[in-house]
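Only one structure is covered here, and it is reproduced in the block below.
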Amino acid sequence: MSVFRNVVLNFKSKDDCENYIERYKPFMDTFEGTGLQSFYLCRLTPDSLLILAMLDTEANAKKLLEKAAELREVNRFEFHDQVVLDGKIEKSCNFIN
């Protein structure tokens, strides 16, 4: 069963948010083969982001979260706070294809 992970990141400044996006985009290219099924990096406000992800298993979701935590630690991103919501996907629809 697929799982979802939604993360809201509130940065200390717009510049911190921009820096995160600049460094995170190339990092996203390394997600292939990790069990990631869909991924969205969304701007909420000038200094906050919403990350939406769907993964094939909870084990792969945990691995990806650990990988993202390493990137945050190495780059020492500054956050006011972050909120993580996750759980099992009961139903999904793709109306694009």
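The values are calculated or read from the model by the stated rules, or taken from the named source; none is laboratory data. All values reported here derive from a predicted model rather than from experimental measurement. So basically every Cβ, Gly included, is an ideal-geometry build from the backbone, and we count neighbours across all protein chains shown. These accessible areas exclude ligands, DNA and RNA; they are computed on the full protein's heavy atoms, side chains included. Shrake-Rupley method; radii C 1.70, N 1.55, O 1.52, S 1.80 Å.
Brief remarks follow.
- Some residue of region 19-35 being crowded, with 17+ Cβ neighbours inside 10 Å, modelled with pLDDT of 90 or more and within 25 Å of Lys91 (Cβ to Cβ): yes
- Hits in region 50-61 (condition: out of contact with any Lys or Arg (no Cβ under 6 Å at 6 or more places or on another chain) and closer than 23 Å to Phe11 by Cα): Leu50, Ile51, Leu52
- Filtered by the rule that a residue be closer than 22 Å to Asp81 by Cβ, more than 11 Å from the chain's Cα centre (by Cα), of a type outside the set (A, V, I, L, M, F, W, C) and open to solvent by 70 Å² or more (accessible area, probe 1.4 Å), region 36-60 gives Arg43, Pro46.
- Selected residue (only one of Lys67, Lys14 is surrounded by 10 or more Cβ atoms within 10 Å (Cβ to Cβ) and touching a Pro at 6+ places or on another chain (Cβ under 9 Å)): Lys14
- If you go through region 66-97 and keep only what is modelled with pLDDT under 85, touching a strand residue (DSSP E or B) at 6+ places or on another chain (Cβ under 7 Å) and among the aliphatic types (A, V, I, L, M), you end up with Val83, Val84, Leu85.
- Qualifying residue in region 34-53 (condition: touching a residue at least 40 places away in the same chain (Cβ under 8 Å), aliphatic (A, V, I, L, M) and closer than 20 Å to Arg76 by Cβ): yes
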